């Protein structure tokens, strides 16, 4: 149930100005549709990539990292930006290598507003034209010509952008 539908539903439950509190409490704990637990919403066409400052528009290539002592969120428009950012920041932010650090990459096969999010370290990557020209897109299953995260990372870093 999306946020608007939930609000309308809760409005219909009002009896004499009072909500049926147990149900209201249960519904209020829901995560916004489409965003995995712990992931911050990406405001498409408004949020910018932390590395290149490009607006995050293409849902097929977006990535995000969340972690550290302040549970900070970093958003990216291309997996290549994430790869270089990780390389450049790991010395100053060692939490990036911890298992508790959460990362997401969009599944390139997502349709419209319904983006499926994957752990980039578990995803498989195919060559696809991407916003910053690193030209990789994530998918859930290995396919002919796909690369794992380590191989894709090596390829991106070898390009030296």
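Any read-out appearing in this document is the output of simple, stated calculations on the displayed coordinates, not a laboratory observation. As the structure is a computational prediction, the values presented were derived from the model and not from experiment. Cβ coordinates were reconstructed from backbone atoms using ideal geometry, including for glycine residues, and neighbour counts include every protein chain displayed.
Segment residue 141..residue 71, full-extension length gain: 22.2 nm, with 0.36 nm per residue of separation and the alpha-carbon distance subtracted.
Residues in the stretch 54-76, backbone N under 18 Å from the label point at residue 102 (7 Å along the Cα-to-beta-carbon vector): list them, ranges by number please. Within reach of a label on residue 102: 62-76.
Look at the alpha carbon pairs under 8 Å that are at least 6 residues apart: their mean separation over the length of the stretch 35-159 gives a relative contact order of 21 percent.
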